[in-house]
Amino acid sequence: MASITERNGKYFIMVSTGYDSTGKQIRKTMTYKPEPGMTQKQIEKAVNEQAVVFEKKVMSGQVLDGGVTFADFSERWLRDYAEPNLAPKTLSRYKAMLKRILPEVGHIKLDKLQPHHIVELNSSLSGDKNRRGIAFIATQAFFADFEKNGWTREWLSRETGKHINTIYNIFNRVPVAEPTAQTVCDVLGYNFDKAFEPSKPLQGITNKTITHHFRLVSTILTQAVYWQVIPSNPASRVKPPKVARAEAKYLDEKQTLKLLQLLEKESVMHKTMIKLFIYSGLRRGELCGLEWKDIDWDNNMISVRRSSQYVPNKGIFTKETKTKTSDRTIKLPSQAFDLLQEYRVWQLEYRFKAGDRWEDTDRIFTKADGTPLHPDSVTQYFSNFVSRTDLPQISIHSLRHTNITLQIAAGVPLRTVAFRAGHASTAVTGVVYSHVIRSSEEKAAQILEDILNPMGNGQSRNIV
């Protein structure tokens, strides 16, 4: 039951929620100040009503205070704010970041969290290594200890739940995924760094990645301020790491033409997909989300209405486009529709052969059974494709940069480029592609100089 204490015209309401691990009573408090002119009877009624409401909130877990740890508040933030409001992919990325953040500051209570703690977090992250996507190889020390203990590969397969072929791969020094290597270490009680080594050098986390972690901490603390758990955000008094703006990687005209020629030897689906990236400048998820009803064959237009994405534990799912401006209809070269028509014929023939195994989703690019294509499979294919050529080592997203860059270089108005790209504004386009814009402006200035001064003698032509 709530207790009420009056001090100097203010009423302090306290509710006990039990005791902590040290035997100390856990208390939640609030202050109520009556409005001027209220009678004593009105005040007593109002205070009692406030106490009842406050006690209900406390008991239902709706009231937090600065004594809660950053880890506990982060859990509440994920449940009450992030999960209802954020896109699944963003939520998944934030959860992955918290795995690095919480070991450093998770134990600190919010009202004790200071700017220097966040500075130390940034410093700690700068010395961390990025293990994402890197496979691991068993060490000779692991093999020696394994043989010494008399264990067998079959036994390890049963204990870890991993297929026997995976276990044999480990002993043949074939790189395996980190979770697989970690499972083996957990079963055997081995130190991971002693039992496995990365298949390629680990790179330190970049300032850009550290900044993303810093912004997440700041976002969580901002919500804590908004929920009146703490009075101010300590991250607002910390400068994030400086991040050098990296220029977008793209192909020039000659390299693009070479890429188009090399694609002629690829499968119909992959050839169509990669060429469509170049013709349209779509994001990966947008292209994977295209459906046949989005194609306007009469006017050579395609409509971008959805994005196909993948998140672990959720699988492949469809969501709305990135922003309102991402939902757009754009015109493509006639070659793109010739290509799509050829692919459509191929897909119908393939669908006929698949028979009952085919699931009609209307997606343009699909798996062998007609279901939506995994976006990561596009990335993996293109990475393998590029490695077989002498093209620059670009990513699938570089094709979007190539499309936008070629438009700017050709003199297409920036507003049109921004619309076709699905950017929120021309300012976004201007920042990302500033180097291309500068180059185009220099070219325009040179053209203007040639027009006004064709003789190249420093004097303009006399106009009669």
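The values are calculated or read from the model by the stated rules, or taken from the named source; none is laboratory data. The shown structure was predicted, so the numbers you read here are calculated from the model rather than taken from an experiment. Reconstructed Cβ throughout: ideal geometry from the backbone, glycine too, with neighbour counts over all protein chains shown. Remember, those area values only see protein heavy atoms, side chains included, never the ligands or the DNA or RNA. Shrake-Rupley method; radii C 1.70, N 1.55, O 1.52, S 1.80 Å.
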What number of residues within segment 295-331 are in a loop (DSSP other than H, G, I, E, B), open to solvent by less than 70 Å² (accessible area, probe 1.4 Å), within 14 Å of Gly285 (Cβ to Cβ) and modelled with pLDDT of 85 or more? 0
Within segment 4-52, tally of residues that are surrounded by 13 or more Cβ atoms within 10 Å (Cβ to Cβ) and of a type in the set (Ser, Thr, Tyr): 5
Qualifying strands (runs of 3 or more DSSP E) (wholly inside segment 1-94; at least 2 residues being more than 25 Å from Leu110 (Cβ to Cβ)): 3-7
Check segment 346-362 and report whether any residue there is open to solvent by 50 Å² or more (accessible area, probe 1.4 Å) and part of a loop (DSSP other than H, G, I, E, B). yes
Complete set of residues in segment 363-377 that are in contact with a Phe, Trp or Tyr (Cβ under 7 Å, 6 or more places away or on another chain) and either touching a residue at least 24 places away in the same chain (Cβ under 8 Å) or closer than 16 Å to Ser307 by Cβ (or both): Ile364, Leu373, His374, Pro375, Asp376
Return the total of residues in segment 203-235 being open to solvent by 90 Å² or more (accessible area, probe 1.4 Å) and assigned to a helix (DSSP H, G or I). 3
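Kindly establish whether Val243 is closer than 30 Å to His117 by Cα, among the aliphatic types (A, V, I, L, M) and in a loop (DSSP other than H, G, I, E, B). Before you say what the answer is, go through the steps one by one.
On the way: closer than 30 Å to His117 by Cα: yes; among the aliphatic types (A, V, I, L, M): yes; in a loop (DSSP other than H, G, I, E, B): yes.
The answer is yes for Val243.
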Restricting attention to segment 181-201, and to residues there that are surrounded by 12 or more Cβ atoms within 10 Å (Cβ to Cβ), under 26 Å from the mean Cα position of the chain (by Cα) and touching a residue at least 24 places away in the same chain (Cβ under 8 Å), which single residue is nearest to Asp145 (Cα to Cα)? Ala181
Taking only segment 378-404 into account, find how many residues are part of a helix (DSSP H, G or I), free of Cβ contacts under 8 Å to residues at least 60 places away in the same chain and open to solvent by 40 Å² or more (accessible area, probe 1.4 Å). 4
Could you list, in sequence order, all residues of segment 263-279 that are open to solvent by 40 Å² or more (accessible area, probe 1.4 Å) and of a type in the set (S, T, N, Q)? Ser267
